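Okay, structure first, notes after.
The values are calculated or read from the model by the stated rules, or taken from the named source; none is laboratory data. Keep in mind that this is a model prediction, so the values were computed, not measured. Counting neighbours? That spans all protein chains shown, and the Cβs are built from the backbone with ideal geometry, glycine included.
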4 protein chains.
Amino acid sequence: MESLTGRGFASDNNSGVLPEILDAITGANINHTPAYGEDPWTKKAELAFRKYFGDDIEVHFVFNGTAANVLGLSTCARSFEAILCTDLAHIYEDECGAPESFTGCKLISVENKIGKLTPENMVKRISGVGNQHHVQPKVISISQSTEVGTVYKKSELEELSKVAKAHDLYFHMDGARISNAAVALGLPFREFTRDVGVDVLSFGGTKCGLLGAEAVVFFNPELAKNFLYRRKQGMQLASKMRFIAAQFEAFLNQELWLKHASHANEMARYLESKVSEISEIQIGYPVDANGVFAWVPREIISPLQKKFPFYVWKSGDDKDLVRWMMSYDTQRVDIDLFTASLKEQLA
Amino acid sequence: MESLTGRGFASDNNSGVLPEILDAITGANINHTPAYGEDPWTKKAELAFRKYFGDDIEVHFVFNGTAANVLGLSTCARSFEAILCTDLAHIYEDECGAPESFTGCKLISVENKIGKLTPENMVKRISGVGNQHHVQPKVISISQSTEVGTVYKKSELEELSKVAKAHDLYFHMDGARISNAAVALGLPFREFTRDVGVDVLSFGGTKCGLLGAEAVVFFNPELAKNFLYRRKQGMQLASKMRFIAAQFEAFLNQELWLKHASHANEMARYLESKVSEISEIQIGYPVDANGVFAWVPREIISPLQKKFPFYVWKSGDDKDLVRWMMSYDTQRVDIDLFTASLKEQLA
Amino acid sequence: MESLTGRGFASDNNSGVLPEILDAITGANINHTPAYGEDPWTKKAELAFRKYFGDDIEVHFVFNGTAANVLGLSTCARSFEAILCTDLAHIYEDECGAPESFTGCKLISVENKIGKLTPENMVKRISGVGNQHHVQPKVISISQSTEVGTVYKKSELEELSKVAKAHDLYFHMDGARISNAAVALGLPFREFTRDVGVDVLSFGGTKCGLLGAEAVVFFNPELAKNFLYRRKQGMQLASKMRFIAAQFEAFLNQELWLKHASHANEMARYLESKVSEISEIQIGYPVDANGVFAWVPREIISPLQKKFPFYVWKSGDDKDLVRWMMSYDTQRVDIDLFTASLKEQLA
Amino acid sequence: MESLTGRGFASDNNSGVLPEILDAITGANINHTPAYGEDPWTKKAELAFRKYFGDDIEVHFVFNGTAANVLGLSTCARSFEAILCTDLAHIYEDECGAPESFTGCKLISVENKIGKLTPENMVKRISGVGNQHHVQPKVISISQSTEVGTVYKKSELEELSKVAKAHDLYFHMDGARISNAAVALGLPFREFTRDVGVDVLSFGGTKCGLLGAEAVVFFNPELAKNFLYRRKQGMQLASKMRFIAAQFEAFLNQELWLKHASHANEMARYLESKVSEISEIQIGYPVDANGVFAWVPREIISPLQKKFPFYVWKSGDDKDLVRWMMSYDTQRVDIDLFTASLKEQLA
């Protein structure tokens, strides 16, 4: 089910691998090297992360975003503790219960505000502290950018962090689309992660053009202590680690993240500008990063999806909220064809 | 720590990726395609597995061997049931407790005989059946080829399977090196897996030259029923699945497994023949597949490892048992240089 | 912190043990008898349950209500499946995450209606069926009587059951206060449990005057199959089982449940009638069973609690919702003194 | 299946409840009191434990020995860590996998020496420290007295503790029969627990005449920190806690443990002396506490068991090793009748 151009708007996971990343993988394919992370590519990728985040961080690589989040969270909370996140957090809705099953923790959902966790809503859901009958809130987890394409401002993160620390909560960030957030904010990664008090970060690569590579970055050294054992027990230790590490080395050292996330975000703004001209369609959330959410008359959705794959996010009265994700390889022509088709359907 | 030739004998995980596999990955890098396994490459890889194992099997892909084994076993046993395996099984010794932690099951170790689980030893460890105080044996797990390079004969598998079924036990096979076993036996995969009564098979690719891809093959359809949920909850669902599937498609349809496992096994026999001439060294296990285990005078091990990486398996009195693993890219020259150096050390 | 009469309204767990139950325990204290449930008292208690629920049920005893619910639910759902319950269900709020931790399942909360799960609200929360990214709804769990003292009518249970079965969901009932519900409904236990389609029932004893004994009653024989192993692994197999069983034998065969739950319910209605006369106080939920919930001016709560222990349930604007639980030993004089004191505070 | 006298030798769990304990339970049955451990009886029982073990210990009560051990161990080890115990430890063999399932940890079995863990055998099983592929040894667990009725001497415990600490291992003691051990050693509890470096102790009551009550005693305050949440999540928080606490209060403050364990141990020595006269029977283990293990000609076992219940422990060539457990209520006449019958069978 591909679009006319071979590219649709269903997911940034549906696009392939950046050519620079395939080159990096090929480049790492020489000789024998120790397996399980004891290789020079892993060292170089770690150095690349340190350049961005500081010399004293710890970083480890895993296969996918589910694991980055769940393993990262497992270092923050024991089974009788609880994880707070928004009611539409990926970890809450879309991981088939992996966080609960692996950590044993309860996830407490907090009403979101344009996809964000707010200090006010979060505090309302903190209860039972010190009460043996009740799970003990121990960590907040937010997505940056969020599941609906919005991006927390630095000041919002600072405020959240302050309130979290005041309640003795760790701060976990799901950065599956962190490059898009960095571009949106125009800030170095460090400034809106480590510097605002994040303890553990899932640094995403796959959705920005890697073949399959995610990193768990620890700013809180205490939490990192036994991560190697957790990763192995969590079935996420790659034997041929060099091929995961080499992807990140190229991604960071060649600033691929910047180039490609900038493009994807720009495409989202372009699509937003095009559909904003159409009166039957309303933008659903601020278009901060690489996703465009819009309320679309229900009857045109199905015909449109046949030509350009995308997902319906939720149902309204006579309109549905749909999600259009931009990828590193989305082209203006894709958007032009799409909006032309959209207008045609509405005509 | 590489050998003179860039290739050592530490592990078949230390070698890189087959060129044909990199080609397959590159070939899959076109357009957008649905993520999470709904793509044509996954369909093609499934078909390839069906060609080998029968039309009615079910097969799913995961990132690594730990996951293939643990997720496969999780379909066979509930937390109050037990998994029987040899005392040197990979799942017993080298997975940082992943099987226990993910399944909740107890692993019961059985004394091995040249690396193999024997019906006699297995039956000795079945106890407490029907007793509420005792875990209930529910599945046997064997490695083919074994952790010490031996290969179960078809008749041995048939006997094991018969005894397992008589005790109402599922039959799980860890095939991390199944291609080497197939070559050793000179039998089609199906004849020594499905046809001897295996219920679930971990079909290994990574150790035979894939970048990172393992398959869980179900011959027992009942066990496969909810595997998609288990895989997702087990953090093993790849978003860009096409790049895992494409590896297997090439591996099976181009018979890469046959070519490369044959070579690795041949290299093991070559090394065996060379060291057999050296009186100070004794072969430790029958060299059936791609590993050579040998008792080597302790004092020469460390100097030798500096030039050619390999692992000590266990300590004896004045000799240690070492493991030399052959890979798809091991060359005769590697072995010639190595045995020359070995003789030099002994001189 | 006892009331003037030695009896308060904090919890039906705060009262002691029925004299008849102490007699039953003492009566079982003769000779040696096999441990772990192989004794005659356990057989007799099982027979007593069969008299009430039918010859083909299976029943097992555990120490407390947490375990009865969690172990019962563990037979209904695997870790990738989900449990639906109201947002104020005991299993959702007050078990320190025991259900999530022991079963691995996600609990999905459904908006309650006077404490009840309604088919409409339940259906709204069923989503992602067949979607590998989403936990799979598998069981509903309701409390009868509810946490706020209301009781499901038989017709409500039938409707719920029908909708649950239509969605292929098991039906679990937390009957921590099932005797109070039976009295409220004026129906035999069987008619509003097994006969309406309940699969597993937690039959509570402790809150109605037992020392500490709960039963898990299976109407669905498939679910009961491995319960003995689950109970043992769940750390709930009593060695001196006879002393738990003897409590239930007396409770059922002497109809203690009827006598004492009738009294407690009657006391609740008496308290309701007394406070209904007070204009500053509003009853919060229908008083169906042995709990009275009322909105009370905030300023009088603390002074009142000093004399008569009870809990605040939730906060409103200038009034708080408080809970007054009646026990088997609550006396009219307790209520008279309490309401007198209440009026005094309001004066 | 009772013996002629109503008392057999199958298990100290088969005997009933001490009259003093029933009195204590009855005595606690007055008025309402806060549930879940906030009552005066629990405070008094805690004080009693402090008198024996020191003012700065922490103690909590649970329902049974399985839970005391598993919950205690859960405070010592995370899921990637391992628990070392003997190959016949109760936690290894007889808990239906509860330790593995609840803690996620692997249990590593160590060859026992007359039922004991020795420093030499223990050290042999410590491996893979710092290796991410291997579970990390973190705690040793021993039973005092052991499963075969032997008792560790103080010097043996000191030596074990020293070696454990040298390997950074916590020291857990399963004291299901600790009173029998104390009597055997002639030492105050504290001298062979806290004072030799035990970190967490399961203090058993049920096997010495309590209705059902075990305590988890923490000498290491760090481990105790979150125990209340673990207990609740582990489904072991009693609502009517006073009736568990009252048992321990009486047991310790009235020195019931001393009186009754002394008697049981004495009965074991009496039985030992009687069977030692019989040439066909050999004592299997030193009779230190209240169990007598003996090799008995196989053909007389079954007829004997019909009159006096007891268990076969393991099979030998023509003799089986049987276990005869003495209880607080075992009488000389029971032993006289039994040995007479034994001799009769052998005649």
Could you please find all residues in the stretch A:311-347 being in contact with a Pro (Cβ under 8 Å, 6 or more places away or on another chain) and assigned to a helix (DSSP H, G or I)?
-> A:Gln345, A:Leu346
Looking at the stretch A:182-199, which of its residues are part of a helix (DSSP H, G or I) and over 24 Å from A:Val163 (Cβ atoms)?
-> A:Val183
Qualifying residue in the stretch D:239-258 (condition: acidic (Asp, Glu), in contact with a strand residue (DSSP E or B) (Cβ under 6 Å, 6 or more places away or on another chain) and without any contact (Cβ under 8 Å) to a residue 24 or more places away in the chain) | no
Given the conditions (1) within 14 Å of chain D (Cβ to nearest Cβ); (2) outside any helix (DSSP H, G or I), and given that A:Tyr285 satisfies all but one, which numbered condition is not satisfied?
-> (1)
What number of residues in the stretch D:41-57 are within 14 Å of another protein chain (Cβ to nearest Cβ) and surrounded by fewer than 21 Cβ atoms within 10 Å (Cβ to Cβ)?
-> 1
From (1) buried (at least 20 other Cβ atoms within 10 Å of the Cβ); (2) touching a residue at least 60 places away in the same chain (Cβ under 8 Å); (3) of a type in the set (Val, Ile, Thr); (4) closer than 27 Å to B:Val17 by Cβ, pick out the condition that doesn't hold for B:Val322.
-> (2)
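Mind telling me which of the residues A:Ser202, A:Ser161, A:Ser145, A:Ser179 ends up being buried (at least 23 other Cβ atoms within 10 Å of the Cβ), assigned to a helix (DSSP H, G or I), in contact (Cβ under 8 Å) with a residue 24 or more places away in the chain and not aliphatic (A, V, I, L, M)?
Being buried (at least 23 other Cβ atoms within 10 Å of the Cβ), assigned to a helix (DSSP H, G or I), in contact (Cβ under 8 Å) with a residue 24 or more places away in the chain and not aliphatic (A, V, I, L, M) holds for just one of A:Ser202, A:Ser161, A:Ser145, A:Ser179, which is A:Ser179.
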Tell me, yes or no, whether the stretch D:296-306 has at least one residue that is closer than 24 Å to D:Leu185 by Cα and modelled with pLDDT of 95 or more.
-> no
Mind checking whether some residue in the stretch A:91-108 is acidic (Asp, Glu), in contact with a Lys or Arg (Cβ under 8 Å, 6 or more places away or on another chain) and either within 14 Å of chain D (Cβ to nearest Cβ) or farther than 19 Å from D:Gly234 by Cα (or both)?
-> yes
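Taking the conditions exactly as written (charged (D, E, K, R), in contact with a strand residue (DSSP E or B) (Cβ under 6 Å, 6 or more places away or on another chain) and either in the same structural domain as C:His167 (by TED's automatic domain parsing) or closer than 30 Å to A:Ser79 by Cβ (or both)), does C:Lys106 satisfy them or not?
yes
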Where in the stretch B:1-114 are there helices (runs of 4 or more DSSP H), lying fully within it, with 3 or more residues that are within 28 Å of B:His260 (Cα to Cα)?
-> B:19-27, B:40-53, B:65-74, B:90-93
Taking C:Leu18, is it modelled with pLDDT of 95 or more and in contact with a Gly (Cβ under 6 Å, 6 or more places away or on another chain)?
-> yes
Can you tell me which residue within the stretch A:74-88, out of those that are under 22 Å from A:Gln236 (Cβ atoms) and away from chain D (no Cβ under 14 Å), is farthest from the chain's Cα centre (by Cα)?
-> A:Ile83
Is there a residue in the stretch C:127-138 that is touching a strand residue (DSSP E or B) at 6+ places or on another chain (Cβ under 6 Å), crowded, with 19+ Cβ neighbours inside 10 Å and assigned to a loop (DSSP other than H, G, I, E, B)?
-> yes
Here are some residues: B:Glu255, B:Glu222. Which one is over 27 Å from A:Ile30 (Cα atoms) and of a type in the set (Asp, Glu)?
-> B:Glu222
Filtering the stretch A:58-73 down to residues that are within 14 Å of chain D (Cβ to nearest Cβ) and within 13 Å of A:Ala176 (Cα to Cα), which residue is surrounded by the fewest Cβ atoms within 10 Å (Cβ to Cβ)?
-> A:Val70
Residue, surrounded by the most Cβ atoms within 10 Å (Cβ to Cβ), within the stretch B:11-40, restricted to residues that are touching a His at 6+ places or on another chain (Cβ under 7 Å) and within 7 Å of another protein chain (Cβ to nearest Cβ) | B:Ser15
Identify, from the list D:Glu156, D:Glu147, D:Glu191, the residue that is more than 27 Å from D:Glu95 (Cα to Cα) and assigned by TED's automatic domain parsing to the domain that holds D:Asp94.
-> D:Glu191
Conditions (1) touching a Ser or Thr at 6+ places or on another chain (Cβ under 8 Å); (2) assigned by TED's automatic domain parsing to the domain that holds B:Pro40 -> B:Leu271 fails only (2)
